[in-house]
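These notes are about the structure you will find just below.
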Amino acid sequence: EDAAIVLREPEKITEHLENFRYQVDEGYKQAEQRGDFFPPPENFYIDYGKVTQYIDSSARITMTELPTEEENRDCIYVKTAEADRLHGAFSRCIYDAKKSIVKGLSSLIVMRSREAAKRVQRLFGEEDVGVRRIKPQDMAKLTASWFFDEEGEEGEPAIIVTSGGLFSGFIMEGLSVITEEEIFGRHIEKPRRKTRRREAVFMTDFSDVKPGDYVVHRDHGVGVYHGAKTLSLGHPPDEFLEIEYADDQRLFLPISQIYLLEKYSGAGGPRPALDRMGGKTWLKTRAKAQKSIFAMAKELLDIYAKRKLGEGYAYASENHFHREFSENFEFTETPDQAAAIIDVAKDMESAKPMDRLICGDVGYGKTEVAMRAAFKAAMDGRQTVVLGPTTLLVNQHFETFSRRMEPLDVRVEMLSRFVPRVKQKKILEDLKHGKLDIVIGTHRLLQKDVVIKNLGLLIIDEEHRFGVKHKEKLKKLREMLDVLTLSATPIPRTLHMSMSGIRDVSIINTPPPARLSITTLIRRFDDHTIKEAVAREMARGGQMFFLHNNVETINAMHGYLKKLLPQARIAVAHGQMPAAELEKTMDLFIKRKMDMLLCSTIIESGLDIPSANTIIINRADRLGLAQLYQLRGRVGRDRHRAYAYLLVPDSITPLARKRLKAVEELSELGSGFKLASRDMEIRGAGNLLGPQQSGQVKAVGFETYCRMLSEAVNELKTGGKKRKVETKLHLDFVGKLDKSYIPPLEQRMNFYNRLYKAGSDEEILQIAEELEDRYGEPPENARKLVEAVRIRCAGSNLGAERVELSGENLTMIFAEDSEHFIKVITASSESFNGKLKVDEDRKLVIDFSDVPIDAQPQTVSDFLASLI
């Protein structure tokens, strides 16, 4: 009741309130006229009069650029000016700050992160300019003292750097504020949590496993999951997962052993037969699959052996030019994106030819990874070819690459049907003589007349969109070059190769800051649905796509939409239009001179138009799963909620229904990888890896197949030396995730699964950090669980078959082929003052009597983790 309200531009607030009230009232009237039932608006919204009354009766501060006469009585005028834009020239920032000091003006430089603030301080120091770096939390209490002395007189002008979320700079009396927006032209984004989920993104996270789904237990085979049960088996009640096997056998698996389960994803066809618990059928099936998978892994490794043994070009390590290029990136790199950039840089600096797949959902920043690689190649004087499947995508890549490369004098050109023949000839000539750094084009770049003097890097966007002949040409190029492939929904074969470790893969699974998932709606084609979708988007000033994938009838659809939507400006775009006309149409839409783009699937790959946040797909039942997913990804690339309407006729086939439901279900951010395996489940594996392998996928399930393939590849690569050891634990303490800490069962299952399948101590600690961030301070049981999982993971990586903590002793039994046994003995002797004994059967016993019982779990986990 006593709150003071700050109003920024009150006229605009009033205008928005009135517009919103009108939309709500009109929507309700239309619903009544149609006979649809909706509760009245007052059930949801505060009355408009009460809002204005509350504002009028409250203490308030009004901020406006144009004060009214009434406000002039109590008006404070603040004279400000916009800060100058420096267009990426940091030397100009230093010059301006020094100049400001001479004028008696202090400079405050606000960077987006502490690391960036430190870098700025260092760059100023290199020019012998004194800078004070202040922590963000100290800003409020120290601001006045930076610019005024103790008597309140004006102090000495200073240059201060800090970090924070200021969106733009300004100049006012005595002070110049400069942000990253002015220096580099990048927007400040909300800082992201550092926690990074690194679980295998192709695998089930168990939040989407429902009762009735088929699962595979490593020891018992295929069964049906029937949900969780709370049972008391002579102990305090605990949760168990109920799994049904053949002949109505039931397995009650402790929820903490969920890592033994994998979801069964078949390869199309009939449902799998249930195995018998303790029966021989599953053992035979698993053995047969392992034999077949081993043979295939050997074959795949042979294919890639030449490449791995070949000598490629090793690029120089990064210098200040690379840093400057990185700092010109408009946004904050997501953790996964930053990791992918590092992976690519390491590959390129190695003498072995790179063949890396960058998997990331639509709009997750794969292009930035590609641009960093292309810039790195250009800095070493080597040329880059960027291949895109469509002329529109190539055109967009050309604009994006050109904008980023131009300030650093890297020459970029495009080769597609948008480019006049005379210019094409000149580009080909420059490529031949090495005068061009980066060329971006369609399969035109694979023709015989394209000769490149010093080709070093090939970047392929959505390789699965290229034809068989083009793929063969690309396969030959791969043997000689560094190759980077970008994909949002990898095809199953690619998925196999990345899962098995044969092909290097970087997963970008973190959505950009403030990105929202796309609301997907399956609707029958009718006037009302289209009018409602368009009205909603136009009311918020956005644009939309209407996809009609039939060039013969697209003009008739244009006439229908013009009549139905007289208020909308509609443009038509499809692949059979003349290049100049298509380019002009797209330019009008990008510049927001059109509200709707009526188009074919020409927009499928990579188009980035943030203002378009609704897509209507006509006859969605005729499109493939990956295609629908890609098309939906054309919207939702900004901070606004996006909508995808999948329009279908009254009758559709069961297969089409499955596809549409899959797209609707997989609407959360980062679903591209799940969709790839769901696509295989619906279509069947076919001749993916030959009929024999397809049969193995059906027999054991896709996830189990991928795990077995990965293990086979690892064994072949290391000659059996790095066989994964399953460490058995016998500990004095028991950890668990209590229902009171994480109420939803699916989320508990998910965290158990992730913790037990984590491959490193770092990953486990990151998951523990995420737990605390999401659910608060973990109780003792949760902390003990984390320590137990850490011990298990470290034991497995050290080759310990058994770890036992009982009373005053820590006992470890090592596998015969463990190469860490001596290392553990040496470290134990140093850490525990020689209080240990070693038996002949590779058994190590450490006296733990000096360690308090409460501290033992973490002491053991920290010690073992430190040895990895």
Conditions (1) at pLDDT below 70; (2) in a loop (DSSP other than H, G, I, E, B); (3) closer than 22 Å to ALA81 by Cα: number failed by THR143: (2)
Number of the condition not met by SER113 [criteria: (1) more than 31 Å from the chain's Cα centre (by Cα); (2) surrounded by fewer than 18 Cβ atoms within 10 Å (Cβ to Cβ); (3) among the polar types (S, T, N, Q)]: (1)
Boolean, THR285 is at pLDDT 90 or above, touching a helix residue (DSSP H, G or I) at 6+ places or on another chain (Cβ under 6 Å) and of a type in the set (S, T, N, Q): yes
Condition check for TYR54: modelled with pLDDT of 85 or more and either among the hydroxyl-bearing types (Ser, Thr, Tyr) or open to solvent by less than 100 Å² (accessible area, probe 1.4 Å) (or both): yes
Matching residues, segment 313-355, being of a type in the set (Phe, Trp, Tyr) and surrounded by fewer than 17 Cβ atoms within 10 Å (Cβ to Cβ): PHE321, PHE331
Strands (runs of 3 or more DSSP E) (entirely within segment 762-868) containing at least 2 residues that are surrounded by fewer than 20 Cβ atoms within 10 Å (Cβ to Cβ) and charged (D, E, K, R): 800-806, 836-839, 843-847
Cβ pairs under 6 Å, 6+ apart, first in segment 627-655 and under 22 Å from PRO511 (Cβ atoms), second assigned to a loop (DSSP other than H, G, I, E, B) and open to solvent by less than 40 Å² (accessible area, probe 1.4 Å): TYR629/THR489; GLN630/GLU604; LEU631/GLU604; GLY633/VAL362; ARG634/LEU607; ARG637/GLY363; ALA642/VAL635; ALA642/GLY636
Residue among GLY834, GLY795 that alone is of a type in the set (Gly, Ala, Ser) and without any contact (Cβ under 8 Å) to a residue 24 or more places away in the chain: GLY834
Subset of segment 124-138 (residues that are surrounded by fewer than 16 Cβ atoms within 10 Å (Cβ to Cβ) and part of a helix (DSSP H, G or I)): GLY125, GLU126, PRO136, GLN137, ASP138
Any pair with Cβ under 8 angstrom, 6 or more apart, that starts in segment 372-387 at a residue that is closer than 24 Å to SER487 by Cβ and free of Cβ contacts under 8 Å to residues at least 60 places away in the same chain and ends at one that is assigned to a loop (DSSP other than H, G, I, E, B) and hydrophobic (A, V, I, L, M, F, W, C): PHE375/VAL410
Listing of helices (runs of 4 or more DSSP H) fully contained in segment 400-515 that carry 2 or more residues being at pLDDT below 80: 468-478, 492-500
Residues located in segment 334-364, provided they are more than 29 Å from ARG634 (Cα to Cα), part of a helix (DSSP H, G or I) and among the charged types (D, E, K, R): LYS346, ASP347, GLU349
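For THR553, state whether it is hydroxyl-bearing (Ser, Thr, Tyr) and more than 15 Å from ILE616 (Cβ to Cβ).
In short, yes.
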Segment 607-659: number of residues that are of a type in the set (S, T, N, Q), modelled with pLDDT under 85 and open to solvent by less than 10 Å² (accessible area, probe 1.4 Å): 1
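The values are calculated or read from the model by the stated rules, or taken from the named source; none is laboratory data. What you see is a predicted model; the values in this text were computed from it and never measured. Backbone-built Cβ (ideal geometry, glycine too); neighbour counts: all protein chains shown. What goes into the accessible areas is simple: the full protein's heavy atoms, side chains included, and nothing from ligands, DNA or RNA. Shrake-Rupley method; radii C 1.70, N 1.55, O 1.52, S 1.80 Å.
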